[in-house]
1. So in region 168-187, with the set limited to residues that are closer than 18 Å to residue 218 by Cα, in contact with a helix residue (DSSP H, G or I) (Cβ under 9 Å, 6 or more places away or on another chain) and outside any helix (DSSP H, G or I), which one is modelled with the lowest pLDDT?
2. When you go through 491, 432 one by one, which is the residue that is touching a residue at least 60 places away in the same chain (Cβ under 8 Å) and at negative phi?
3. Identify all residues within region 500-530 that are assigned to a loop (DSSP other than H, G, I, E, B) and farther than 19 Å from residue 375 by Cα; write none if there are none.
4. Which is touching a helix residue (DSSP H, G or I) at 6+ places or on another chain (Cβ under 9 Å), in the same structural domain as residue 210 (by TED's automatic domain parsing), under 23 Å from residue 166 (Cβ atoms) and modelled with pLDDT of 75 or more, of 245, 292?
5. Any chance region 258-276 includes a residue that's outside any helix (DSSP H, G or I) and modelled with pLDDT of 90 or more?
6. Just a yes or no: is a residue in region 467-476 within 30 Å of residue 393 (Cα to Cα), surrounded by fewer than 17 Cβ atoms within 10 Å (Cβ to Cβ) and under 39 Å from the mean Cα position of the chain (by Cα)?
7. Do you know which residues across region 301-356 are modelled with pLDDT of 85 or more and in a helix (DSSP H, G or I)?
8. Of 226, 190, which residue is modelled with pLDDT of 75 or more, surrounded by fewer than 18 Cβ atoms within 10 Å (Cβ to Cβ) and closer than 27 Å to residue 511 by Cα?
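The values are calculated or read from the model by the stated rules, or taken from the named source; none is laboratory data. As the structure is a computational prediction, the values presented were derived from the model and not from experiment. Reconstructed Cβ throughout: ideal geometry from the backbone, glycine too, with neighbour counts over all protein chains shown.
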């Protein structure tokens, strides 16, 4: 490299080290780069103005604080020579590196030197300057290759069930076993367990957060800081919010499962995190001690899909049937009639059985939209309670008989029909196997000239047509029997839930959400008023 000392150079030394480069050892360290470059500045007799350090930043993106400051100093004339160890230190995006070196730096009469690659923009006869575009492409390829290798390692660790998160989620601490699986942290786990229990009772994430704030429960980041003695790594207002509650409620790790690769990054030049399709997640079940039971997890999932999210009344109460009552004619939700009374005090009115529900469509738009469908809270509560008690009593008295009734109601199929479907499936599969043998025999007979070719073709077409029809039939029967198997599982779960309510006296919110999907309220002025209760797992029970 030619020495150019005829001009006074104000040098900006640029050094960079990414997390991936740290694996290369001391040769690429920040201090090592500084020593090499500062020595060169002294040898050339240049003036060192500043050193620009990006420690822990990838060279693929130019959204780096130190490189931005360096470019600003080039533009304002503070420096007129940029010195770095090699081209890859300046960047690994060949388009942007070329743009700065070939266009932007010359625009501001700024010299660029990459010491290790022997690149100096003032030396136009240097062959390495001509090779610079290829060097930049190679540097970018290296970054792309490294990105692929890292993703492959992450995926391999995920498939092996290794927990490689920086820290465990709230309620756990990282274990010291080989796979670093999470270990329960009891004080925080008690809060997590309570959050799930409150949600299972129909309490919204917002109101859960408000309750924790009122009780001055520390938020996860504050708790972690208090536990470890290290200050939080990000700023917060020290209050729970519904988003934090939602994240906890949707984290499957709390029921003992390790879910990996839920997110990924875009191609290596774009570090944006995107969600992966759920089918692409890697799930290892029962890998560590759970904080909550599988039953509680599933109950919270049901709450998420329920038609009733639960609105509070003015006095802060969530009624058992809130959001579960539906107008039987227009399918709008029934609205609590707010014509409540007070005892003359300034306290908020207390909801009692004197209050009622009416069609929400009617309440908003009047009788042209729908009729009132008025029903007293006490009346509808007693109807539902009686129905729950009847079903629970029937289960306790004769569980086998009740199971058959429930299954027939849900699947709309009798035991005789179920047996007939199974028999039909067995016969169809047997006939398909027979046809395979017949077609093989026909083909062999043709090969040995035992039958004419036209007979062989006709028989094969006939057997193939029959086999095609039977294959479609088998697929349909298997699908039907799978649904019937799921119906049996649903009924078993419904029986498990309802049998404990044979002697209930009051309907509470948790019970309503556990058993009831929705209740359709028919018109009040009908000759026979219809009240149709749709139970979870069972559906509408007729009979």
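1. Step one: filter region 168-187 for residues closer than 18 Å to residue 218 by Cα, giving 168-173, 184-187.
This time we only want the ones that are in contact with a helix residue (DSSP H, G or I) (Cβ under 9 Å, 6 or more places away or on another chain), so: 168-173, 185, 187.
With the extra rule that they be outside any helix (DSSP H, G or I), the set shrinks to 168-173, 185.
Values: 168: 85, 169: 89, 170: 92, 171: 91, 172: 92, 173: 89, 185: 92.
Looking at residues that are closer than 18 Å to residue 218 by Cα, in contact with a helix residue (DSSP H, G or I) (Cβ under 9 Å, 6 or more places away or on another chain) and outside any helix (DSSP H, G or I), I get 168.
2. 491
3. Within region 500-530, the subset assigned to a loop (DSSP other than H, G, I, E, B) is 502-508, 522-530.
Within region 500-530, 502, 503, 504, 505 qualify.
4. On the way: 292 fails: under 23 Å from residue 166 (Cβ atoms).
That would be 245, the only listed residue that is touching a helix residue (DSSP H, G or I) at 6+ places or on another chain (Cβ under 9 Å), in the same structural domain as residue 210 (by TED's automatic domain parsing), under 23 Å from residue 166 (Cβ atoms) and modelled with pLDDT of 75 or more.
5. Step one: filter region 258-276 for residues outside any helix (DSSP H, G or I), giving 258-276.
The next check asks that each one be modelled with pLDDT of 90 or more; those that pass are none.
No, the conditions are met nowhere in region 258-276.
6. Applying the first criterion (within 30 Å of residue 393 (Cα to Cα)) to region 467-476 yields none.
The answer is no, given that none of the residues of region 467-476 is within 30 Å of residue 393 (Cα to Cα), surrounded by fewer than 17 Cβ atoms within 10 Å (Cβ to Cβ) and under 39 Å from the mean Cα position of the chain (by Cα).
7. Result: 301, single match.
8. Values: 226 fails: closer than 27 Å to residue 511 by Cα.
The conditions single out 190.
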